[in-house]
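What follows draws every value from the coordinates through simple rules; no lab data is involved. Source: prediction; values computed, not measured. Here Cβ is always computed from backbone atoms with ideal geometry, including for glycine, and neighbour counts include all displayed protein chains.
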Ligand SMILES: [Zn+2]
């Protein structure tokens, strides 16, 4: 039976969102946590963008050293041959998703009379050719606004697009519900139909403008599975993404493994370890400076809280009365330590003594004090917030790669 795999796009859709951003080092930590969580692939950035070059290269080196386990790092570019060529010139990226709009409304609205939908097919296939010739190992082709591409089923432009991509060497097609326009039945139907005809694995990329992102991701994926191909759901941590956001990573995992009907199907990639959820969600919330809502699925402060009489009584008798899953599965339940007295910190303006004290308390061994201090100072300046224990550990374990990642040059 085909499976659902996860491609997390926090480091692409998440960071391109208005008014929120992650530093290059924070993006690296997100890759690290995603890999620990057993995510199939991280869409880790924009390899054709000059300011990403050192970040991309640094992360590829970390991947080569096994720091990210089996997780694939894949870059995003426009489906234009020149962008693909630039990405392959600037970086050694080996996995790409390339994107172009397929709906009439976007083609006309963006390109006017300069480009027809036939031109879109030609430009996309030229970009796929450039990726293939450039040695890219996996090529995903993104149909932006796929859900508004064929309002009627006799149009079949999306199918022509997908078949053309396949003929030129694409390995997957990304069905993008870019505006969150689909509903569960429509996306199941559209994806199933596309998957049956093109016979390639399908990626499902959903937005939350109508509150459907998670439900549509699951139903779209089930459409691919009923057509006999694997599905790759695109997620973001805490659902952060353009406008109302993307499909939330933790919600998708829970929906695919705990909901009625899916619970026993075992349809989700079994490598996924939900116990990292608490850690990654809190890391990303801090990094974005956006607190997790109290009612957030799985990781919200109230996700396992019970007060009203009937609920509390039921919980005290048996947790299954009011909980579908346990906090332990989410990686919650540890007591968290908070210093309320004297605090020695390390950072941008700190010195060796303070840094040593902090690292000693965390039992982090350092061989080169001066080099480590320089990196700690730079990382604090780069992140513009106090460094976390895992970040300090990462700096000490991978000093040269972190130095490269934080060097945002090539301007
Ligand atoms: Zn998107």
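Expected output is a single nm value to one decimal: the length gained when fully extending between residue 105 and residue 260, i.e. 0.36 nm times separation in residues minus the C-alpha distance. What is it? Don't skip to the answer; put the middle values down first.
Values: separation 155, 0.36 × 155 = 55.80 nm, distance 3.75 nm.
Between residue 105 and residue 260, full extension yields 52.0 nm more.
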| task | Could you tell me whether the stretch 40-179 comes out rounded, prolate or oblate from its Cα gyration tensor? Rule is a ≥ b ≥ c as square roots of the eigenvalues, rounded for a/c under 1.5, then prolate if a/b exceeds b/c, otherwise oblate. | result | prolate
| request: Please say if the stretch 103-220 is rounded, prolate or oblate, where rounded means a/c under 1.5 for a ≥ b ≥ c the square roots of the C-alpha gyration tensor eigenvalues, and otherwise the choice is prolate for a/b larger than b/c and oblate otherwise? | output: oblate
| request: Starting with the highest mean, order 72-81, 344-353 by the number of other Cβ atoms within 10 Å, averaged over the residues of each peptide. | output: 72-81, 344-353
| query | On a 0 to 90 degree scale, rounded to 10, what angle separates helix 249-258 from the longest Cα axis of the chain? | reply | 70 degrees
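Please report Rg over Rh for the stretch 352-402, where both radii come from the alpha carbon positions and Rh follows the Kirkwood definition.
Over the Cα atoms of the stretch 352-402, Rg/Rh equals 0.90.
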| request: In a Gaussian network model over the chain where Cα atoms closer than 10 Å are linked, find which of 120, 284, 133 has the largest mean-square fluctuation. | output: 133
| query | What fraction of the DSSP beta bridges in the chain is antiparallel, stated in percent and rounded to the nearest 5? | reply | 5 percent
| request: Any chance you could tell me what percent of the C-alpha pair distances in the chain go past 28 Å? | output: 50 percent
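Rank-order 93-106, 307-320 by packing density, defined as the average count of other C-beta atoms within 10 Å over each peptide's residues, highest first.
Numbers: 93-106: 22.6, 307-320: 11.4.
Per-residue Cβ counts within 10 Å, averaged per peptide and sorted highest first, yield 93-106, 307-320.
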| Rounded tilt (10° steps) of 81-90 against the dominant C-alpha axis of the chain | 30 degrees
| message | Just to confirm my numbers, what's the Cα centroid distance between the stretch 286-317 and the stretch 240-262 in Å? | response | 17 Å
| Distance from the stretch 1-59 to the stretch 185-217 (C-alpha centre basis), Å | 22 Å
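With the Cα gyration tensor of the stretch 1-83 giving a ≥ b ≥ c as the square roots of its eigenvalues, does the rule (a/c under 1.5 for rounded; else a/b larger than b/c for prolate; else oblate) give rounded, prolate or oblate?
Working: a/c = 1.42, a/b = 1.26, b/c = 1.12.
Rounded shape, in that the Cα axes give a/c under 1.5.
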| For the chain, built as a Gaussian network whose Cα springs stay under 10 Å, the top-fluctuating residue of 245, 223, 354 | 354
| task | Go ahead and set up a Gaussian network model of the chain, Cα springs under 10 Å, then flag whichever of 194, 185, 22 fluctuates most. | result | 185
| query | Going highest first, how would you order 201-212, 250-261, 285-296 by mean Cβ packing within 10 Å? | reply | 201-212, 250-261, 285-296
| message | Just to confirm the number: angle between the C-alpha axis of helix 352-361 and the first principal axis of the chain, 0 to 90 degrees, nearest 10? | response | 80 degrees
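What does the extension gain come out to for residue 185 and residue 156, with contour length at 0.36 nm per residue minus their alpha carbon separation?
Values: separation 29, 0.36 × 29 = 10.44 nm, distance 1.84 nm.
Gain on extension, residue 185 to residue 156, equals 8.6 nm.
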| field | Alpha-carbon centroid distance for the pair the stretch 351-411 / the stretch 71-128, whole angstrom | value | 37 Å
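Stokes-Einstein at 20 °C, 1.002 mPa s, Kirkwood radius from Cα pairs: D for the stretch 227-293 in µm² s⁻¹?
D = 162 µm²/s.
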| request: Pull out the extension gain between residue 244 and residue 290, defined as 0.36 nm times the separation in residues minus the alpha carbon to alpha carbon distance; nm, one decimal. | output: 15.2 nm
